[in-house]
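A short write-up of the structure that comes next.
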Amino acid sequence: MKKSKPNIWVDRREDIIKLFIPEGASLADAAKFFEVGKACGANPFLGEIELLKRGNKHFSFCKRDFYRRVAEKQQNYNGHFSLPIYSNDSFVMKGCEPEHVYGRPNRGNLIGAYCIVRRTGIQQHIMVEVRLGDYNTEHPIWQSKPQTMICKVAEAQALRAAYPRKFRGTYDSSEAWEERAPERKAPVEDNSGRDKPVVDVMPGQGSKEFSDRVIINLLKRLGDITDVEGFRRVDREWEQECMSKKYMEVVAVKGQKLIANALKTFTAAASKPDKQKAIVEKLAAPAEPESPEENKAKEGI
C-alpha cells in the first residue's frame, strides 16, 4: 500500500511544528497559524506562509508566490500586473481604466503603487491603489526596495478583492504592520511652576537640525518641478508625509507656506520662461546656513 505524503496541517507532528513556529510564539499564535494555513492551502515548506513577530505578538502572513499560485488556478483568471506611481508621473482615471504615463527623464519621488486583476467574462476589472506612506515601516527592506514592497502590497490587496473566497483572512508579509509604543511625554515647567504637556511627536523632531533637514529636502523636491501640476503633487505628498511621520506643526506649516509661495511665484512668471527657470534653480540650490546674528534676531536675543 502506497504511503501518503505527510501533511503538516493534518499530522501536526512536533518536529515539523518547530520548523515554522518561532521562539516566543504562544500556543494560540501557533494554533491560528495552522488554521490559516490549512484553510487557504499555503505551503510553509515553500515559504508561502510564515509566522512573524510584530511588537509583542505573532501574526500569520502569506507570501506573493502563494497569491500568484492560487490566482493562476482560478478558471476566470486572465492575468494581473502591479506598477509603481511616482510624483512626476501622469496618472489619471478614465472610467475604470487608468491612464499612466511615466515622467521623463525624472520620475520624482515614489508615492505608491496600483494593481489591476483581469478576469475572463467580467468586463470590469479589479483595481487597487495604495500609498507608500501607509505601509512603509522604514525597515531596511523598505529602505532598499521600496518600489518592490509597495507593489507587493497592491498586488496582494487586488488579488484578495478579485478572489475573496480564496484569500479571505490572509495578508501578505509586505503588509506587516508595526505596533509601536507611544512616545513618552515629558513635562515642561514654565515660570509659574506648573507643568504643561509636550506635544507627542517622533523622536528628534524638536531639534533644529531635524527641521532644517526636512525643509531642505522639500526645497530640493520643489526644485525638480517643471509645471504647475508638479507643485500640486508635492503639496499632496507633503500633507501625507506630515501625517504619516507626525511632523511638528511648525514644520508642517512652514512647508505648506514654502509650497504655496513657490507655486504663486512660478505661476506669476508663466509668461516668462527664463524667469521660471531661475526660480527652479533657486529652489534647487542648497540652503545656506544662517549666521549667528540672524539666529539671534529670529530668537529675539
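The values are calculated or read from the model by the stated rules, or taken from the named source; none is laboratory data. As the structure is a computational prediction, the values presented were derived from the model and not from experiment. Quick reminder, even Gly has a Cβ in these numbers, built from the backbone with ideal geometry, and neighbours come from all protein chains shown.
What are the residues in the range 233-243 that are free of Cβ contacts under 8 Å to residues at least 24 places away in the same chain and either within 15 Å of F91 (Cβ to Cβ) or of a type outside the set (D, E) (or both), if any? Spell out how you get there, then give the answer.
Initially, the range 233-243 is screened for residues free of Cβ contacts under 8 Å to residues at least 24 places away in the same chain, giving 236, 238-239, 242.
Of everything in the range 233-243, those that are free of Cβ contacts under 8 Å to residues at least 24 places away in the same chain and either within 15 Å of F91 (Cβ to Cβ) or of a type outside the set (D, E) (or both) turn out to be R236, W238, C242.
Among residues belonging to the range 115-126 that are of a type outside the set (A, V, I, L, M) and either within 13 Å of the chain's Cα centre (by Cα) or assigned to a loop (DSSP other than H, G, I, E, B) (or both), point out the one that is farthest from P84 (Cα to Cα).
Result: G121.
Residues checked against (1) at pLDDT 85 or above; (2) buried (at least 20 other Cβ atoms within 10 Å of the Cβ); (3) assigned to a strand (DSSP E or B):
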| position | (1), (2), (3) |
| --- | --- |
| I17 | no, no, no |
| P22 | yes, no, no |
| L52 | yes, no, yes |
| S60 | yes, yes, yes |
| D65 | yes, no, no |
| R69 | yes, no, no |
| Q75 | yes, no, no |
| H80 | yes, yes, yes |
| L83 | yes, no, yes |
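Which condition does Y114 not pass, out of (1) touching an Asp or Glu at 6+ places or on another chain (Cβ under 6 Å); (2) without any contact (Cβ under 8 Å) to a residue 24 or more places away in the chain, if it passes all the others?
(2)
Look through the range 127-178, keep the residues that are part of a strand (DSSP E or B) and of a type outside the set (A, V, I, L, M, F, W, C), and return whichever of them is surrounded by the fewest Cβ atoms within 10 Å (Cβ to Cβ).
Among them, the one singled out is E129.
Being closer than 23 Å to R119 by Cβ and of a type in the set (F, W, Y) narrows it down to one residue among F66, F61, F45; which is it?
Result of the check over F66, F61, F45: F66.
Using the structure shown, decide if A113 is surrounded by 18 or more Cβ atoms within 10 Å (Cβ to Cβ), in contact with a strand residue (DSSP E or B) (Cβ under 6 Å, 6 or more places away or on another chain) and among the small types (G, A, S).
Answer is yes for this residue.
Looking for whichever is free of Cβ contacts under 8 Å to residues at least 60 places away in the same chain and closer than 18 Å to R160 by Cβ here; the options are G47, G37. Which one fits?
Values: G47 fails: closer than 18 Å to R160 by Cβ.
It is G37.
Quick check: anything in the range 95-102 within 20 Å of W238 (Cα to Cα) and assigned by TED's automatic domain parsing to the domain that holds K152?
no
Mind checking which residues of the range 211-224 are β-branched (V, I, T) and touching a residue at least 60 places away in the same chain (Cβ under 8 Å)? So that I can check it myself, show each step before the final result.
Taking the range 211-224 and keeping what is β-branched (V, I, T), we get 214-216.
Within the range 211-224, I215, I216 qualify.
Check A260, A297, A284 and return the single one that is over 17 Å from N88 (Cα atoms), at pLDDT below 60 and outside the structural domain of R104 (by TED's automatic domain parsing).
Checking each option against the conditions leaves just A297.
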